[in-house]
1. Return the residue satisfying two criteria in turn: it lies in the range 163-175 and is of a type in the set (G, A, S) and surrounded by 10 or more Cβ atoms within 10 Å (Cβ to Cβ), and of such residues it is nearest to E256 (Cα to Cα).
2. Only one of A20, A16, A9, A47 is among the hydrophobic types (A, V, I, L, M, F, W, C), under 21 Å from the mean Cα position of the chain (by Cα) and over 19 Å from P206 (Cα atoms). Can you tell me which?
3. If you go through the range 52-73 one residue at a time, do you hit one that is in contact with a His (Cβ under 9 Å, 6 or more places away or on another chain), surrounded by 11 or more Cβ atoms within 10 Å (Cβ to Cβ) and farther than 30 Å from I255 by Cα?
4. Name the residue, out of L196, L173, that is at negative phi, in a helix (DSSP H, G or I), without any contact (Cβ under 8 Å) to a residue 24 or more places away in the chain and of a type outside the set (V, I, T).
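Laboratory data are not the source of any read-out in this text; all were calculated from the coordinates shown. Since this is a predicted model, take the numbers as computed values, not measurements. Neighbour counts are summed over all protein chains in view; Cβ atoms, including those assigned to glycine, are modelled from backbone coordinates with ideal geometry.
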Amino acid sequence: IRQLPKWLADPLGPLAIPPAYLPKLLPWLFRFWRAGAARHFEASLAAQAGMMKLAEAEWMGLLDRSGTRPMLHEDGSLELYESEAEFRASLSGWRARERFGIGFRHVEGEGMAALQPGLSPRFVKGTFVPGWKTVADPKLLGKAIWAYAERLGARFEHARVERIGTGTNGVTLMLADGTARKAKQLVIAAGAWSHLLAKDIGDRIPLETERGYNTTLPVSAFDVKRQLIFSGHGFVITPLETGLRVGGAVELGGIERAPNFA
């Protein structure tokens, strides 16, 4: 929150909100602010930690069953700080992680250099999270899981769903070409469009669009040993087999706004 004014004032900063979209975004921002109140903090942490532990266990099983475990990188992450003040400001967050069993250790000097050689001396401290995991390439992993599902008999159909109807025997998907598909069970996993479809079956979800931007550099650009997190600047560098992914730029501008690649 403390960084928000600086980030929003910077046209190349990690967070952008188009002024024209702000009035529509305000109700969601208010709910977001209320959800972050101190009285909700611990419950939110517990819920997120529980979901992450469940997701990790399920993903490990899926990676093993699909033969994609070699695509998992268990190198940990290193969060970097440019001043003692920035490091001290992070400590309350690390204490919260510690309460939920997330292991880490603070490093500096030779300990930090051993984790990531060649760092600029401007980084005075770091925090290493050994349990942090990344994958060889998200797109390639997604394709591999897709192929595994097909081997198990799943059928994929590319179509635009206009709306969902409900009935006593399940749901009906009305497609853009005028045809329909019926199903007894339905999982809505449409990303930023999910709340529009969920509304058809009576679920009103306060969902907003978080559009992320990233740049992928050649693997040879830097010798990055593990994911590096620059929280003071709001971006991360992740080593992939296909390049170095620099990400963190976020735009809250709705689903109709064209991407801004500037």
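1. G165
2. On inspection, the qualifying residue turns out to be A16.
3. No: zero hits.
4. The match here is L196.
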